[in-house]
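Working notes, structure below.
Taken together, the values in this text are just the output of simple stated rules run on the coordinates, not laboratory data. Note that the structure is predicted; figures quoted are calculated from it, not measured.
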């Protein structure tokens, strides 16, 4: 039976841009440490802006599956379609994994999966951007840092 401890340190922030100028960045962080095992392979966390889930699928190699959805109040501010881009970093370098959606509803459940290795520091970065009232744009960045430790 394979078991893993996953150290998680995450944060989410929002930036509003109006007339080409930033109206400031608001941080909404969370942190958690989760023990992934065959009986309990998942994490769920909320920030001020959305709900994140992550899960390890066990097998010959481990797969990290994730999802993120903006909270209804955050998504309601959208005045058009949202663009989403997610990238995975290993030791601070891009792994080549990316998930992009150029035109989706702001309440869309963004989800994907990728292979991961044990004892490696990963960071998943999710960027979402959508138009808001008065020709503004809201950019929400969510960072999910994790390490999968075999036990």
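Reported to the nearest whole Å, the Cα centre-to-centre distance from segment 118-151 to segment 46-116 is 7.
Shape summary of segment 85-132, radius of gyration then Dmax from alpha carbon positions: 12.6, 41 Å.
Note on segment 72-151: percent of Cα-Cα distances in each 10 Å bin, starting at 0 and stopping at the bin with the largest distance, equals 17, 43, 25, 13, 2, 0.
At full extension, residue 134 and residue 147 could sit 0.5 nm farther apart than now, given 0.36 nm per residue minus the alpha carbon distance.
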